[in-house]
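Written out below as structure tokens is the structure these notes cover.
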């Protein structure tokens, strides 16, 4: 692994944007690129990328997942690092690609070498680039949801909290159950929509009990799910990806609640 | 029992709409989850112990044949009988045979999941015996004609009010004006009824948490002490256990006991932990005259040779279901067979087939909480995914899902076509999606939009914006 000084000047990073960021929330990708560049990396976004293959992998369509895995590995294996603004997709690339090729002597080696380069965005910034703070400001009360794959597969928990603590004006509160699933689970949220809904209702209730202006998370899938529930309930709590907040690209967060909370002098 | 796993979706829906069940299910996170976390935090070597426990079980499974033979030898040496049962039906027939030979009328049981798996009660009742469950939870579901909804809290799906109603309905010999509102009065009433059964039972049947090869002992843990009465008072005691319950030594059993209670109920140790072997000796003040051990395979050998073999390390603590967001939402009955939750999602298809059990390994968000808390390190999500692979391979996945996936893959594998298609589709999606009247014509997945607003894309894909940004940089 490179030391921080080397990282600053030389590390080339292939940004795996993820399909949800590409299609639904491109601002997350732009924010991620900005954070990586600020950390001294050279960022490239190969156009030969689409989906990491996780939906197929989890549906049991392992052959389809393998084809996408080969494509992704080919596109990214020449960078020093491969970074994704998602614990779920990074986990797929890092842990499940080698599993997909366990019985293939040639590709197994390639997948393993590739795996070692793969990182989730925020943990890459803190653990590899040694970023300790960011130059961003966001006046609001917020809370952070730990997306399951990032948390349990990659151990992403303290890193986003450390960096968010350096965002000026941001007050970060903890959920009662920050590490419980939001019920997304990719196609699970559609195929078992009623069960998924029961789970996200609990997550929404936990968020609302904190009376925060903003929910922050590291995975667009989970955020879409929670935001979709909050909107359907008519709630105004805003939802942003951690990259947007850290890069100062979260836009305006309505802090109506903050004014209501102000105590009389 | 007759599996109802194919009705998972339907039964899960009913469970979600059942307010009484939802009230009862709140006990799962508030009870089990919080207590386990506390017990774990109080024992610094907990994680190291779980690793040791896993090694013990993996070793025992690798040499299962040798340890089973050693165990049989020890049981015989202590004067007990050993019976080998290939299937659940075989086991049922052996047990009813022993009851018949003993001239039994009343059979008392302590809680045992394997007897649920082989539907022993129904078999014994059909053979003319009266069977009484003596674990309070099991007794409750027996009088309600239900099956357990949890492997260690079989009646976790019931509220106190339901239990009181059932007791008043069933215990008609007791005064109708009795006070029955606090847990203590409920337990006392059960104790009163069951005491009589313990004393009159002719045969006692217990399960086993472990079988110790070194000594021939069967180990059983309870919090009510009912298993001790079941295995000491009647003249005949039968231990019913599946073959993977074997551990080599007493030391091994006690190591695993340290993680079992903590993972299950958050206790340091269960209230009663009993090692029994063989019938009453001359110097013993009590105990059965005759003891039997039924060693059941019922699919275990096949599992051991399969890609699901790791599931045999399971010690039935229930931590996986306690921490499962799906189990917490729908309870255990929706799973439709003996074992609910993540462990059931892996075990059930191996018993009832993947066609019948299709939904169980699919109805998971793969959050990984089960694997995180499993003291035996069973990779439950990975094993569920293997069932999904098989289901897909056998063409059980719905045509709609397969077509959607094939279409997605066709584009995803062709980045040029993918970026071209999405750069057109996404702006159109946004334009239509913004107008409420038009939005309902979008082909959105019903499972999602029934409960959640669909995310409106920002408008232009990331790839497109990135290219534009790069072009701008070059011009500058």
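The numbers here are math on the coordinates, done by the rules we state, and not lab data. As the structure is a prediction and not an experimental result, all values here were calculated from the model. We place every Cβ from the backbone using ideal geometry, glycine too, and count neighbours over all the protein chains shown.
For the reader, a short list of remarks on this structure follows.
- For chain A, alpha-carbon Rg over 2.2 N^0.38 Å: 1.01
- Contact order for chain B, expressed relative to its length and based on alpha carbon pairs under 8 Å spaced 6+ residues apart, stands at 21 percent.
- As a ratio to 2.2 N^0.38 Å, the alpha-carbon radius of gyration for segment B:368-410 is 1.54.
- Tail weight of P(r) past 23 Å, computed on alpha-carbon pairs of segment B:263-377, percent: 44
- Crossing angle, helix B:341-352 versus chain B [Cα axis fit, 0-90 degrees, rounded to tens]: 80
- Anisotropy class of segment A:4-127 from Cα gyration tensor, a/c 1.5 cut: oblate
- The stretch between residue B:450 and residue B:425, if pulled fully straight at 0.36 nm per residue, gains 6.7 nm over its current Cα-Cα span.
- Tail fraction, Cα-Cα pairs, chain B, threshold 31 Å, whole percent: 51
- Inter-chain Cβ neighbour average for residues A:29-41, partner chain, 10 Å: 1
- Virtual spin-label span in nm between residue A:208 and residue B:87, 7 Å along Cα→Cβ: 5.3
- Mean projected area (nm²) of the alpha-carbon convex hull when segment B:400-475 is viewed from all directions: 6.4
- Cβ-Cβ FRET estimate between residue B:469 and residue B:22, R0 fixed at 41 Å, reported to 0.05: 0.25
- Three-way shape label, segment B:1-108, alpha-carbon gyration tensor, a/c 1.5: oblate
- The smallest convex shape that holds all Cα atoms of the protein assembly as shown, its convex hull, gives 193 Å³ per residue.
- Stokes-Einstein diffusion for segment B:57-113, with the hydrodynamic radius set to the Kirkwood value over Cα pairs and evaluated at 37 °C in a medium of 0.692 mPa s, equals 239 µm²/s.
- Two-site label geometry, residue B:214 and residue B:307: point separation in nm, points 7 Å out along Cα→Cβ: 3.8
- Between residue B:77 and residue B:41, residue separation times 0.36 nm minus the direct Cα-Cα distance comes to 8.7 nm.
- Cα convex hull of segment B:162-213, projected area averaged across orientations, nm²: 5.7
- Peptide B:415-422 has a mean shielding of 3, counted as Cβ atoms of other protein chains within 10 Å of each residue's Cβ.
- Build a GNM of chain A with springs between Cα atoms under 10 Å apart, and of A:174, A:120, A:227 the one that fluctuates most is A:174.
- P(r), alpha carbons of segment A:124-229 - 5 Å bins starting at zero, rounded %: 2, 12, 22, 22, 19, 12, 6, 3, 0
- Ratio of the Cα radius of gyration of segment B:43-302 to 2.2 N^0.38 Å, where N counts its residues: 1.02
- Candidates A:59, A:71, A:224: whichever shows maximal mean-square fluctuation once chain A is modelled as a Gaussian network with Cα springs under 10 Å: A:59
- Most mobile of A:82, A:43, A:190 in a GNM of chain A (Cα contacts under 10 Å): A:190
- Length gained on full extension, residue B:442 to residue B:160, computed as 0.36 nm times the residue gap minus the Cα-Cα distance: 96.8 nm.
- Using C-alpha pairs below 8 Å separated by at least 6 residues, the relative contact order for segment B:379-476 is 23 percent.
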